[in-house]
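One structure below.
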Amino acid sequence: MKEFIGTGVALVTPFDAQNNVDFNALERLVNHQIENGVDYLVVQGTTGEPATLTSEERAQVRDAIIKINNGRLSLVLGIGGNNTQGIINEINETDLSSFDAILSVAPYYNKPTQEGFYQHFKAIAEVSPKPIILYNVPGRTAKNMEPQTVFRLASDCSNIIGIKEAGNDVHQYLELIKNKPEDFLIISGDDDLVVGIVLAGGAGVISVLGQAYPKEFSNMIQFGLNGDAKEAYKIHYKLMDMIGLIFEENNPAGVKSLLKSMDICQRHVRLPLVEASSELQEKINTFIANY
């Protein structure tokens, strides 16, 4: 699945002052990615706040991005959660013809055993007409999906093609890369670790910060894939402080504040998230002024 080697971005969902989806801002955001070298787009990943969108809004956002993209980049759709049957139903009921893969987050709150993770994703794989990228983010789901479970799924389910690993655990990344099946993709979900992970054999990134700095992030990842550590880290060090800032309070409030400063979208998020504080906005503005 070569289209998923490189830089993917987890798009935010812009809102206007009335907390409605801002489709004009969404168009600016998508074109900003396409015009600056991103390899693929992730639609309604967790950064896109799908948990606070209605089913009608989710469909409208999907349709808008498909239209704006117009076949220019590969698209990945986030379909995940902690109700296995509900995910199966959503896959069966969603028109996936414009999407190249599904990104499915590990079940949250339920805290399944490793066997529970396996059975959950196996059931999804059995009905999915599209390749699946697993998403492990234990800091948000409260339970780590261990490498042996990932390898078991990769071995038993031919349409599970990779994992977005976001445990911020270098040892787990290296174990995944060292022991993965051939052609199985280890994709970083940690913007702060991605250069080292790509240099170690990772396939690239699904990034949050990358949507604000798509050209720089894409160049950084390409340098890493080419084994050029010096040039990759040169870009990383320029962006490093901002990586910390956008996650300082919550995601995606941080990156939305950055995107506002770049005149791409507004800062608005939906409850239970709140907008970034004025103190964080000032730090972000200072970074931009000095970048």
Jot down the radius of gyration and Dmax of region 124-196, Cα atoms only, both in angstrom.
11.9, 35
Express the carbon and sulfur contribution to the solvent-accessible surface of the chain as a percent, rounded to the nearest whole number, probe 1.4 angstrom.
47
Give me the log10 of I(q) over I(0) for region 84-235 at q = 0.09, 0.10, 0.13, 0.21 Å⁻¹, as the Debye formula computes it from C-alpha points; what are the numbers?
-0.29, -0.36, -0.60, -1.34
What's the extension gain from residue 83 to residue 171 if we count 0.36 nm per residue and subtract their Cα-Cα distance?
28.7 nm
Length gained if residue 249 through residue 215 is fully extended, taking 0.36 nm per residue and subtracting the Cα-Cα distance, is 9.7 nm
Among all stretches of the chain without exposed GluC sites (Glu not before Pro) (DSSP loop, at most 11 other Cβ atoms within 10 Å), which one is longest?
36-181
Using Cα-only point scatterers and the Debye equation, what is log10 of I(q)/I(0) for region 1-43 at each q in 0.20, 0.23, 0.29, 0.30 Å⁻¹, rounded to two decimals?
-0.64, -0.77, -1.00, -1.04
For residue 43, distant residues with modelled amide H under 5 Å away:
76, 77, 78
Pop a pseudo-label 7 angstrom from the Cα along the beta-carbon direction at both residue 18 and residue 228 and give the gap in nm to one decimal.
4.9
Work out the FRET efficiency for residue 155 and residue 93 from their Cβ-Cβ distance, taking R0 = 25 Å, and round it to the nearest 0.05.
0.30
Residue-span extension gain [residue 64 to residue 178] - 0.36 nm each, minus C-alpha spacing
37.1 nm
Taking only Cα atoms and a 10 Å spring cutoff, compute GNM fluctuations for the chain and point out the largest among 273, 259, 77.
273
How large is the convex hull of the C-alpha atoms of the chain per residue, in Å³?
118
Among the listed pairs 111/230; 143/215; 164/230; 180/256; 2/260, which have their C-alpha atoms separated by more than 29 angstrom in this model?
111/230; 143/215; 180/256; 2/260
Quickly work out the residue 114-to-residue 291 label distance, labels modelled 7 Å from Cα along the C-beta direction, and quote it in nm with one decimal.
4.1
With springs connecting C-alpha atoms under 10 Å apart, model the chain as a Gaussian network and identify which of 130, 143, 178 has the largest mean-square fluctuation.
178
Between 144, 82, 110, where does the largest GNM mean-square fluctuation fall for the chain, given springs only between Cα atoms within less than 10 Å?
110
Stokes-Einstein D in µm²/s, Kirkwood radius over Cα pairs - region 1-136 at 25 °C with 0.890 mPa s viscosity
158
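The values are calculated or read from the model by the stated rules, or taken from the named source; none is laboratory data. No experiment lies behind these values; they were computed from the predicted model shown. A quick note on method: Cβ atoms are made from the backbone with ideal geometry, for glycine too, and the neighbour counts reach across all protein chains shown. The area values use the complete protein model at the heavy-atom level, side chains included, leaving out ligands, DNA and RNA. Shrake-Rupley method; radii C 1.70, N 1.55, O 1.52, S 1.80 Å.
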